[in-house]
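S.K.: Below you'll find the structure I mean.
The values are calculated or read from the model by the stated rules, or taken from the named source; none is laboratory data. All figures in this text were calculated on a predicted structure; none of them were measured in a lab. Counting neighbours? That spans all protein chains shown, and the Cβs are built from the backbone with ideal geometry, glycine included. Calculation scope for accessible area: heavy atoms of the full protein, side chains included, ligands and nucleic acids excluded. Shrake-Rupley method; radii C 1.70, N 1.55, O 1.52, S 1.80 Å.
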Amino acid sequence: MKDMTVSEVSKALGISTRMLRYYEKEGLISTKRREDYAYRMYDEVAVRRLWQIVILRKLRIPLKEIGIILNASDISEAVRVLLDKIAEIDGEIESLGVIRDVLSEVADMSRGGSLRLLENKLMSVSESLPPLKNVLKENGAMSELNNKEELLDKANEKINKAEGVRIIHIPPYTVASNHVIGVEPEAEVDKPVEKFIRESRLYEIKPDARYFGFNHPNPGVLENGQHGYEVWVTIPDNMEVPEPLVKKKFEGGLYAALTIRFPDFYRWNDLAKWASENNEYEPNYSELGDEIMGGSLEEHLNWVYTVHMGCPENGIDGQLDLLLPIKKKEKK
């Protein structure tokens, strides 16, 4: 198999270029640079290893454990990780089974009745059933749960992937923006902003400065395989910015926020699902749609401070807030 470029691997495996760079940074894969080519290349070994990473991620194995599996000197180390994951899934299956049974019971008891009857059944279902003795794995220990109500609470905590969603209001800001379109825009877009932050000593002027990013446009929007990424750093209203940065106004608004560790961007799906199924709020996507991720943002936490400090090896890094625009549902 011939060597492949970053963009070719990204398209073939459905992995963003940002994720590929992160895998290399974490030591999961390696690339090489050909003398006659400007870009880094992936050989057959690297591509095969990436396929394994993709499959293991789909099996919900965390990257740390994937590293153990792929780099294990003894097969027993890999087997241990897989067995731990099986035990975790068994706990989730047990939790889901209990939730399904209770929902079926409440539905059967309430069928043909009124909303008031349904409310009464929901209030009384745990009291009308004998206590259950069940064991769930939690925080690496086995906790015995004495009744169905407590079991359901723990089950919901375990399977609610969007647990930790916060509702926040972002105020209007003046921002310095940089926008790059290309094969790997995320690799270039930060550089002028980092230079601006250091030279202007922005953190000293505005220690509460925030840093946002978003696809503009999303991968797949452009036909040539390229996409764009735009970043904003908040600045004082009267501050001037050097080229190529552009001064803009961000109107702010109401957002559902979910904190993740880089690079768990798959959790955008969890946040979108939460917003679409929420009883109080609903998505408030931009009319520009995929052109700007529907108005969604990625806030890189502590980023301005980290750049100000020269991005030390032991700096604060790796956390983001996924921000999805929402609005209150209208009462019917």
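S.K.: Accessible area of LYS273, 1.4 Å probe, to the nearest 10 Å²?
M.R.: LYS273 has an accessible surface of roughly 110 Å² with all protein chains in place.
S.K.: Please state the relative contact order of segment 218-332 as a whole percent: Cα pairs under 8 Å, 6+ residues apart?
M.R.: Taking the mean separation of contacting Cα pairs over the length of segment 218-332, I get 32 percent.
S.K.: Still on this model: Please compute the contact order of segment 165-296 in relative form: average sequence separation of alpha-carbon pairs under 8 Å and at least six residues apart, divided by the residue count, as a percent.
M.R.: It rounds to 36 percent for segment 165-296.
S.K.: LYS249 versus ARG57, label points 7 Å from Cα toward the beta carbon: distance in nm?
M.R.: Reported label-point gap for LYS249 and ARG57 is 3.9 nm.
S.K.: Okay, next question. Please report the net charge: other residues with Cβ closer than 10 Å to the Cβ of PHE212, K and R +1, D and E -1.
M.R.: That works out to -3.
S.K.: Separate question: Explain nothing, just the number: dipole magnitude of segment 251-332 about its Cα centre with +1 on each Lys and Arg Cβ and -1 on each Asp and Glu Cβ, in debye rounded to the nearest 20.
M.R.: Around 400 debye, computed over segment 251-332.
S.K.: Contour minus end-to-end for ARG261 and LYS32, with contour as 0.36 nm per residue of separation and end-to-end as the Cα-Cα distance?
M.R.: Full extension of this stretch gives 79.7 nm more.
S.K.: While we're here: With all protein chains present, calculate the accessible area of HIS227 using a 1.4 Å probe and round the result to the nearest 10 Å².
M.R.: Estimated to the nearest 10 Å², HIS227 gives 20 Å².
S.K.: To continue, here is another question. Give me the number: length gained by fully extending GLN319 to LEU103, i.e. 0.36 nm times residue separation minus the C-alpha to C-alpha distance, one decimal in nm.
M.R.: Roughly 74.1 nm would be gained on extension.
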